[in-house]
Amino acid sequence: MGICSSCDSASVATAKLILQDGQLQEFSYPVRVSYILQKYPSYFICNSDEMDFDDVVSAVNDNEELQLGQLYFALPLSRLRQPLQAEDMAALAVKANSALTRSCGDKCRCRRRNLSPVTVSGEKDGKPSRRVADGGGRKRNFTAKLNAIAE
């Protein structure tokens, strides 16, 4: 998920967890998933790098530690092993962007822009979808419809 994360190049790397309500928790030290789940027993933790369109959402093992520099989501257990639709991925990206922007505060050097909502859909009207590489270098198929972008 290509989100503004260059707020301060000298800052300490943290593991970032986006909660269901859009709040951000940051950990500057390794923390076990089981510790987080004690506070949120009706949720599971997933690594954003492991999320892909139309693939099932899987949980990070309870015994694993959140890795510094990674972005994670806390999702309701009802979403576990369910396919991730393009609309879901877009909503999570917006939620993460909002949380990360709020956490940057005034020290963020990124240019902030007001964007209209983005609707992401699959192949439509027989037109092939575009292949776009995400941050991890994997290829993802999708066609994006942009309503408007304020410059």
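Nothing in this text is a laboratory measurement; each read-out follows from the coordinates by a stated rule. In this text, all values refer to a predicted model and were calculated from it rather than measured experimentally. We place every Cβ from the backbone using ideal geometry, glycine too, and count neighbours over all the protein chains shown.
Of note:
- If you plug the beta carbon distance of GLN85 and ASN61 into 1/(1 + (r/R0)^6) with R0 = 22 Å, you get a FRET efficiency near 0.35.
- Were the residues from TYR40 through THR101 laid out at 0.36 nm apart, the gain over their Cα-Cα distance would be 19.6 nm.
- A straight chain from ASP54 to LEU77 at 0.36 nm per residue would run longer than the Cα-Cα distance by 6.5 nm.
- Neighbour-count order for ARG102, ARG79, ARG32, fewest beta carbons within 10 angstrom listed first: ARG102, ARG32, ARG79
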